[in-house]
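The values are calculated or read from the model by the stated rules, or taken from the named source; none is laboratory data. None of the values given here were measured: they were computed from a predicted structure. All Cβ positions, glycine included, derive from the backbone under ideal geometry; neighbour counts span all protein chains shown. The accessibility values were calculated without ligands, DNA or RNA, using every heavy atom of the protein model including side chains. Shrake-Rupley method; radii C 1.70, N 1.55, O 1.52, S 1.80 Å.
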Amino acid sequence: TFFPFSSVPLGVFWSLFLGWVWLRLLEVPDPNIVSHYGTGVVVFGLSAVVELLGEPFWVLAQAQMFVKLKVIAESLSVILKSVLTAFLVLWLPHWGLYIFSLAQLLYTAVLVLCYVIYFTKLLGSAELSKQQTLPISRMTDLLPSITRSRAFVNWNEAKLTWSFFKQSFLKQILTEGERYVMTFLNVLNFGDQGVYDIVNNLGSLVARLIFQPIEESFYIFFAKVLERGKDATLQKQEDIAVAAAVLESLLKLALLTGLTITIFGFAYSQLALDIYGGAMLSSGSGPILLRSYCLYVLLLAINGVTECFTFAAMSKEEVDRYNFTMLALSSSFLVLSYLLTRWCGSVGFILANCFNMGIRITQSLWFIHRYYGRSPHRPLAGLYLSPALLGAFALSGGITGVSEVFLCCEQGWPARLAHIAVGACCLGVTLGTAFLTETKLINFVRTQLGVSRLAGKTS
């Protein structure tokens, strides 16, 4: 029985409770500086409940690999949200938080509406009745219902759901824990929080646009190919070989992407912030924050790939053991975030995140090593780079670092353009070296692009 809508009452409860906490127990900004704060909290809580209404459709689309639906729905929602935000900021700036809360509500409403319209048309089509591929036949099947055994709760499914809930909750703490420390313990003032949020949003663009879709798509792939909880020697060897080859190429791709962002990000963080926000961002702690975030992006890329495989292959018992480890890691991460922030300011949050990612990567790598230990496949070879490519990265880092010292960012735009040209040449040499030395990865990328084009033509 499919009953994800039962999470909506819980969402309403938590929205009301946390809204009360934010308005009554936490520090409220000065209304003269941040207007309509209370209304903003309420509207954001409402948008969370609306998004929960679309969660069953999102889960169903993920399970059926409706990638095109997800891309269209999320793209349309983001575009409309951005257009509304820009329009209100330009024409009604005195609305304050009304602008961003209304834009968020529009985003969730459009996202849910896209999924509802798609599945309403799909379930009513004659094509579906011939294929019978979906686990539901009408929209009401998504509503809470009594099982055939007349039991209100399927306890086997409930235990598995609870296991994944604990995992998701702990992962949320590890991913967004610094925000809770920042909010509840007031370790940074609102000005420093604003700079940190700007840098965090800029730095996480690559993670959201590239790494997250890859992680979600290939988690589904690994979950389809591998039988959860079974040793590699007990599964179909063709499937194990395919999974190993894909994992190796994904690790190589994540490593190369992360290293490129880290090496070039160090030399171009100040320039990027200066172009984006002027001297206010580029002269303070902003460049150090963004450089630290570039290193974090490298760890984030590797962790996304290793965890998507690990969570797809783990048994329920292994997931529970992993959750216990993540509980200890969550506690230590929050404490470390607080201590490092007291010691070195907002950079401490990023350093704590790097420590957290390093531990999670180590756990996932150990699981993958044990999983393929008795098979001839070695997917972790994807984390090794050729000496020529490592040399190209090192040389690029040195040249762009020297270029930043002499050309950026007080000598005017001609010097800045020269600094950008130096980076472009170094990037071209590095990518050319990767193209010549990493032939297996190039073939993998070409294959994936070919599959995507074929799927686009046939859909």
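Here the spin labels are modelled as points 7 Å beyond Cα on the Cα-Cβ line, and at F87 and N201 they lie 2.0 nm apart.
The alpha-carbon of K68 sits under 20 angstrom from the alpha-carbons of these aspartates and glutamates, leaving out residues fewer than 8 places away in its chain: E51, E55, E127, E215, E216.
Of the GluC sites (Glu not before Pro) found in segment 14-113, those that fall in a DSSP loop while having at most 11 other beta-carbon atoms within 10 Å are E27. Applied to segment 26-32, the Karplus parametrisation 6.51 cos²θ - 1.76 cosθ + 1.60 on θ = phi - 60° returns per-residue 3J(HN,Hα) values of 9, 5, 9, x, 4, x, 6 Hz, with x for Gly and Pro.
For segment 295-331, the list of chymotrypsin sites (Phe, Trp or Tyr not before Pro) that fall in a loop by DSSP and count at most 15 other C-beta atoms within 10 angstrom is empty. Helix screen, the chain: DSSP H segments with Cα axial length of 18 Å or more and mean Kyte-Doolittle hydropathy at least 1.0 are 7-20, 37-53, 67-91, 97-123, 237-277, 286-313, 387-407, 413-437. At a probe radius of 1.4 angstrom, the accessible area of the chain per residue rounds to 54 square angstrom.
When only DSSP loop residues count, what chymotrypsin sites (Phe, Trp or Tyr not before Pro) in segment 337-416 have their Cβ near at most 13 other Cβ atoms within 10 Å? Mind showing how you got there, number by number?
Details: sites: Y338, W343, F349, F355, W366, F367, Y371, Y372, Y384, F393, F406; in loops: Y372, Y384.
Passing sites in segment 337-416 are Y384.
Spin-label model, R342/F406: points 7 Å from Cα along the beta carbon direction are separated by 4.5 nm.
Roughly how many percent of the accessible protein surface of the chain is carbon and sulfur, given a 1.4 Å probe and a whole-percent answer?
Carbon and sulfur together cover 69 percent of it.
Averaging the sequence gap over all C-alpha pairs within less than 8 Å and six or more residues apart, then dividing by the number of residues, gives the chain a relative contact order of 15 percent. Across the cross-link table entries K224/K440; K224/K252; K159/K236; K166/K252; K121/K159, which are compared at the Cα atoms, the separations over 26 Å belong to K159/K236; K166/K252; K121/K159.
Label-to-label distance for W20 and R228 is 3.5 nm, based on points extended 7 Å past Cα in the beta-carbon direction.
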